[in-house]
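Chemist: Take this structure, written in structure tokens, and hold onto it; I'll ask about it next.
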Amino acid sequence: MYRLVLAWSFVVCACSGSTPPSPPDAAGPAPGTFGATCMTPTNTSTECMSGICTNSFDMLGHSVCSQTCTFGMNDTCPAGSMGTKMCNMKGYCKP
């Protein structure tokens with residue numbers, strides 16, 4: 001029964017012709033801020049306000065503006081909506 005209701009909800013949504021609204025932060029962080037996409041991974045980046053552009057987060061698939069931290073000391077990373085960000089083993093705060 002659950003699958004039937006789920007299938008019908010997809011059909012109704014697909015046939016309605018409307019698209020769901022995108023979240024307000026769908027574009028991502030502002031250029032140069034923590035978590036923003038950057039091009040050249042370096043600790044002297046001019047693309048990022050922090051000067052840190054890293055590609056050490058494989059699951060993202062692109063380089064991001066970050067900041068350095070000490071592994072195991074997450075309190076050196078900025079806080080986000082879900083709490084303090086994590087420091088990875090390479091010494092960068094995960095966006």
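The values are calculated or read from the model by the stated rules, or taken from the named source; none is laboratory data. Note that the structure is a prediction, hence the values are computed from the model and not measured. Counting neighbours? That spans all protein chains shown, and the Cβs are built from the backbone with ideal geometry, glycine included.
Chemist: Filter segment 81-93 down to residues that are part of a loop (DSSP other than H, G, I, E, B) and either polar (S, T, N, Q) or touching a helix residue (DSSP H, G or I) at 6+ places or on another chain (Cβ under 9 Å) (or both), then give me how many there are.
Modeler: So the count comes out to 4.
Chemist: Also, I was wondering about something else. Quick one: what pairs do we get from segment 29-44, first residue within 17 Å of L60 (Cα to Cα), second surrounded by 16 or more Cβ atoms within 10 Å (Cβ to Cβ) and at pLDDT below 90, C-beta under 6 Å, 6+ apart or different chains?
Modeler: Short answer, once both residue conditions are applied: G35/P95.
For (1) in contact with a His (Cβ under 8 Å, 6 or more places away or on another chain); (2) over 11 Å from G35 (Cα atoms); (3) of a type in the set (V, I, T), each residue gets a yes or a no:
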| site | (1), (2), (3) |
| --- | --- |
| S63 | no, no, no |
| G80 | no, no, no |
| T84 | no, yes, yes |
| M89 | no, yes, no |
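Chemist: While we're on this one: Out of segment 64-85, which residues are over 16 Å from A30 (Cβ atoms) and either surrounded by fewer than 14 Cβ atoms within 10 Å (Cβ to Cβ) or hydroxyl-bearing (S, T, Y) (or both)?
Modeler: T68, T70, F71, G72, M73, D75, T76, A79, M82, G83, T84
Chemist: Where the second residue is basic (K, R) and at pLDDT below 95 and the first is in a loop (DSSP other than H, G, I, E, B) and lies in segment 53-66, which pairs have Cβ atoms under 8 Å and are six or more apart or on separate chains?
Modeler: S56/K90; F57/K94; S66/K94
Chemist: Shifting gears a bit: Would you point out the residue of segment 50-62, among those that are of a type in the set (A, V, I, L, M, F, W, C) and out of contact with any Cys (no Cβ under 7 Å at 6 or more places or on another chain), that is surrounded by the fewest Cβ atoms within 10 Å (Cβ to Cβ)?
Modeler: M59
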